[in-house]
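Worksheet: one structure, shown below.
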Amino acid sequence: MDNALGQPQTIVLLGGTSDIGLAIVRELLSPATRAIVLACRDTSKGERAAGELRSDSVVVEVVPFDAADPSSHAALVEGIGGRYGDIDVVILAAGLLGNADVTTVDVAAATELATVNFTGSVSVTVAAANLLRAQGHGAIVILSSVAGERVRAANPVYGGTKAGLDGFAQGLGDLVAADGVHVLVVRPGFVRSAMTAGLKPAPLSTTPEHVARLTVKGLRAGRRTVWAPGALRYVFSALRHVPAPIWRRLPLG
Amino acid sequence: MAAVRERLHGWGRTAATAAEVRELAAAELPEAVRTAGPRGALARGLGRSYGDAAQNSGGTVLRLHGPVGDAAAGPVDPVAGCVTVAAGTSLGDLLVAIVPQGWFVQVLPGTRHVTVGGAIASDIHGKNHHVEGSIGNHVLSMRLLLADGSVEDIAPDRRPELFWATIGGMGLTGVVLDATLRLLPIETSRMAVDTDRLPDLDAVFAAMTEGDDRYRYSVAWIDLLAKGAHLGRSVLTRGDHARLEQLPPGSGDPLAYRSRQLVAVPPIVPTPGLLNHATIAAFNELWFRKAPRHREGELVGTGTFFCPLDLVGHWNRLYGRQGMLQYQFVVPFGQEATMRRVIERLVASGTASFLAVLKRFGVANLAPLSFPSPGWTLALDIPAGSHGLGEMLHELDQVVLDAGGRHYFAKDAHTTPAAIRRGYPRLDEWRAVRDGVDPGRVWQSDLARRLDLLERSSEM
Ligand SMILES: Cc1cc2nc3c(=O)[nH]c(=O)nc-3n(C[C@H](O)[C@H](O)[C@H](O)COP(=O)(O)OP(=O)(O)OC[C@H]3O[C@@H](n4cnc5c(N)ncnc54)[C@H](O)[C@@H]3O)c2cc1C
Ligand SMILES: NC(=O)c1ccc[n+]([C@@H]2O[C@H](COP(=O)([O-])OP(=O)(O)OC[C@H]3O[C@@H](n4cnc5c(N)ncnc54)[C@H](OP(=O)(O)O)[C@@H]3O)[C@@H](O)[C@H]2O)c1
């Protein structure tokens with residue numbers, strides 16, 4: 001159960017090795033924390049992250065999780081619920097950026113990206129929402145992206161999956177609010193993380209820690225969406241209305 | 001009536017969760033309990049506990065406010081000085097019925113909008129704990145709906161373990177259906193009050209230690225914004241029910257009684273609320289200046305004396321969207337230095353607070369989870385969004401526990417299972433009695449989940 005300060009006791013990170021996801025977990029850590037579950041496709045990498053979070057009062061478990069295997073998701077979430085009881089926060093941070101040069105021409109690569117970022121993300125989120133709705137409380141943090149706000153030619157598959165995930169999460173959030181469940185959609189811009197290693201930072205680039213601070217603030221304030229950095233909200237409310245011919249020619253990287 | 005899922009929170013308006021809320025007649029309760037789902041059932045009164053005590057996320061919540069079926073209060077038995085009341089009756093409504101007949105409740109908290117059931121489940125205390133103890137000391141008997149749907153008549157000499165496990169048991173032993181309470185005879189509905197303005201904390205400790213035993217009621221209101229030489233400056237109010245000869249001649253019906261509310265705060269208050277350091281500092285300063293240095297025998301209404309905040313309906317909304325929490329703890333006598341340390345830390349944090357309330361507790365009763373124990377208790381409201389609040393409260397928790405103190409379930413909204421295990425050494429004894437009448441864990445609450453109240457230490 002969350003306490004009055006919005007400090008959760010049990011945290012589940014889907015994509016347990018994600019830089020942004022782990023930064024959010026660290027930001028949520030408090031004397032109230034009792035259990036953290038890192039659900040990862042690479043469990044040995046997950047164990048290294050777990051070692052840094054573990055303490056006398058915090059149990060950290062690493063479990064295998066493949067976003068690309070939706071049929072395993074219900075059992076995964078129910079298993080976690082069975083071992084730890086109520087789950088207070090689920091963070092969905094699993095995602096692929098993909099190389100646009102490949103995903104826009106290679107059917108298998110496009111399918112994999114769409115499966116991880118959309119199909120698998122939807123299925124694991126529905127499984128988590130079922131559990132949270134039954135327990136009558138809890139929060140789901142969805143890592144969307146500004147790339148989904150208006151999809152660019154530079155990376156249409158990635159942007160498209162985020163647009164779909166973002167829309168799904170908003171609608172789900174409205175649906176489950178009556179069951180005491182809070183869905184927070186986080187829209188980062190360019191974040192300097194493993195995902196963007198080697199890429200040239202875009203304007204207004206930021207860090208996983210900064211995204212985490214804004215996310216946790218948004219969670220505690222009951223916000224439905226968070227932009228990181230916050231200024232992107234205004235940038236994109238302008239960009240959304242740029243006429244298509246101009247949009248196509250904007251030098252957005 | 002069909003069950004409706006509703007988001008519930010406590011008086012602090014934090015950590016809302018959803019539950020199926022049912023308002024049923026007493027006769028329908030056993031069936032509702034027998035058919036409760038895996039997340040069980042819980043009684044809820046007027047939701048005046050600050051945190052999650054009256055919430056049961058994902059389960060059933062049985063809302064009991066309002067007389068269920070029977071009349072709110074039966075007639076007062078003038079010989080035994082007691083009355084039998086439906087558990088959903090508020091103490092305010094009970095007072096309206098009994099004050100004109102010359103009776104008062106033995107224990108009245110800082111608000112009269114609490115139900116008899118909620119009062120028993122929290123084993124509430126008033127400003128007279130040093131003299132009369134908590135409400136459990138004045139429950140002659142009660143009828144308790146058990147997890148299997150049966151109803152048990154319990155009293156200090158009928159199933160005493162279950163009786164005392166229910167006093168202060170936070171609704172986790174069953175639903176109190178009605179209770180027979182011992183009352184206090186009064187001659188008038190007025191209070192005769194002495195007031196002292198005290199310059200610092202030492203003066204407060206000294207005045208209360210020396211003089212409290214001469215008064216039935218005593219409470220000090222501390223200005224938590226006063227620093228340095230003024231640290232702990234307080235207004236101490238002490239008194240008793242006025243006797244007939246204390247009323248001026250021609251003051252009309254000595255037992256006339258009405259409950260009042262002057263205004264109510266509307267549901268929507270701009271975030272981040274209207275209470276900030278500046279508004280609160282101005283209020284505290286005014287309030288301290290307006291108190292007399294020393295005044296004796298002032299006659300005031302019971303509402304003004306016991307429940308000044310009830311004059312403003314829904315004042316909790318003033319804290320805005322993030323809500324607030326109340327920090328209340330007790331430390332034993334002899335731990336005045338600890339109390340000072342805590343107050344210094346609170347003052348230094350600049351966490352805006354209206355007045356904090358300081359009281360002295362007398363002897364504890366037999367209930368294993370009853371909060372009051374001999375010593376000093378401090379209670380204060382804090383906006384839940386305050387910067388650094390989590391760290392500060394965690395630090396203060398350790399200071400309180402190291403001093404042999406503990407925290408109050410009815411107010412708690414932040415502490416941890418470990419803090420409760422230390423503060424309530426008789427927790428396992430209570431669990432054994434509780435499990436005996438509810439092996440299937442029908443009674444559940446968010447408080448119990450957050451603080452692990454139902455798990456046995458050996459299982460962990
Ligand atoms: C302004 C203010 C001042 C206060 N001052 C004081 C004070 O001076 N002293 C003090 O001790 N407390 C004080 N309190 C706290 C309050 O007295 C307790 O929280 C009390 O339990 C609230 O009663 P309620 O009817 O609102 O119960 P709720 O808050 O609805 O429920 C509290 C607990 O009682 C249980 N419960 C309710 N009804 C039943 C029932 N019929 N059978 C079994 N369990 C039941 C619930 O399950 C829950 O665990 C104050 C609260 C406020 C808001
Ligand atoms: N970085 C940015 O600029 C940025 C901007 C906007 C939005 N986001 C979004 O934020 C989220 C987190 O990204 P990040 O920046 O923290 O990058 P990251 O460190 O690379 O995290 C992505 C995570 O997804 C995991 N993952 C990939 N495929 C998976 C699969 N099939 N099954 C399970 N897990 C899988 C990765 O696991 P491995 O460690 O095993 O690879 C990794 O833990 C992503 O959804 C991303 O789209 C990032």
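With R₀ fixed at 30 Å, the C-beta to C-beta distance from B:Asp202 to B:Thr279 puts the FRET efficiency at about 0.55. Ordering of A:193-204, B:301-312 by packing is B:301-312, A:193-204, highest average first (other Cβ atoms within 10 Å, averaged per residue). If you take the Cα centroid of the range B:171-244 and the Cα centroid of the range B:399-460, the two points sit 29 Å apart. Note on A:174-184: average number of Cβ atoms from other chains within 10 Å of each residue's Cβ is 3. Packing, taken as the mean count of other beta carbons within 10 Å per residue, orders the peptides B:87-96, A:230-239, B:235-244, A:85-94 from highest to lowest as A:85-94, B:87-96, B:235-244, A:230-239. With 44 Å as the cut-off, how large is the P(r) tail for chain B, expressed as percent of Cα-Cα pairs? The share of Cα pairs beyond 44 Å in chain B comes to 8 percent. The Cα trace of the protein assembly as shown gives Rg and Dmax of 28.2, 99 Å, the first to one decimal, the second as a whole number. Non-local amide H neighbours of A:Ile91 (under 5 Å, H modeled in plane, Pro and chain starts lacking H): which ones? Close amide H contacts, sequence-distant or interchain: A:Val12, A:Leu13, A:Leu14, A:Val141. Quick one: Debye curve from the C-alpha atoms of the range B:243-353, no solvent, what's log10 I(q)/I(0) at q = 0.11, 0.12 Å⁻¹? The computed values of log10 I(q)/I(0) come out as -0.61, -0.72.
Per-residue mean of foreign Cβ neighbours for B:128-137 is 0 (Cβ atoms of other chains, 10 Å radius). Working note: Karplus 6.51/-1.76/1.60 with θ = phi - 60° gives the range B:81-89 the couplings x, 9, 8, 9, 10, 5, 5, x, 6 Hz, where Gly and Pro are set to x. For B:Arg34 and B:Arg295, the difference between the fully extended length at 0.36 nm per residue and the C-alpha to C-alpha distance is 88.2 nm. Taking 4 °C and 1.567 mPa s as conditions, the range B:4-63 diffuses translationally at an estimated 113 µm²/s according to Stokes-Einstein applied to its Kirkwood radius (Cα pairs). Of the residues A:Ser121, A:Thr111, A:Ala163, the one whose Cα sits farthest toward the positive end of the charge dipole of chain A, with +1 on the Cβ of Lys and Arg and -1 on the Cβ of Asp and Glu, is A:Ala163. To the nearest ten degrees, helix A:120-135 and the longest principal axis of the Cα atoms of chain A are 40 degrees apart.
Coordinate range of the alpha-carbon atoms in the range B:69-186 per principal axis, descending: 40, 33, 27 Å.
Expressed in Å, the radius of gyration and Dmax of the Cα atoms of chain A are 17.5, 58.
Here is how the number arises for chain B: DSSP H runs of 4 or more residues each give -39500 (n - 2.57), the sum is divided by the residue count, and the result at 222 nm is -7000 deg cm²/dmol. Packing, as the average of other Cβ atoms within 10 Å across residues, places the peptides B:388-398, B:167-177 in the order B:167-177, B:388-398, highest first. Take each residue of peptide B:15-22, count the partner chain Cβ atoms within 10 Å of its Cβ, and average: the result is 5. Spin-label pair A:Ala177-B:Arg5: with each label point 7 Å from Cα along the Cα-Cβ axis, the two points sit 1.4 nm from one another.
The lysine pair tally for chain B, using Cα distances under 21 Å and a gap of 8 or more places or different chains, is 5.
Only the coordinates and a few stated rules stand behind these numbers; no lab work does. Just so it is clear, the structure is predicted and the values come from calculations on it, not from any experiment. FYI the Cβ positions are ideal-geometry reconstructions off the backbone, even for glycines, and counts take in every protein chain you see.
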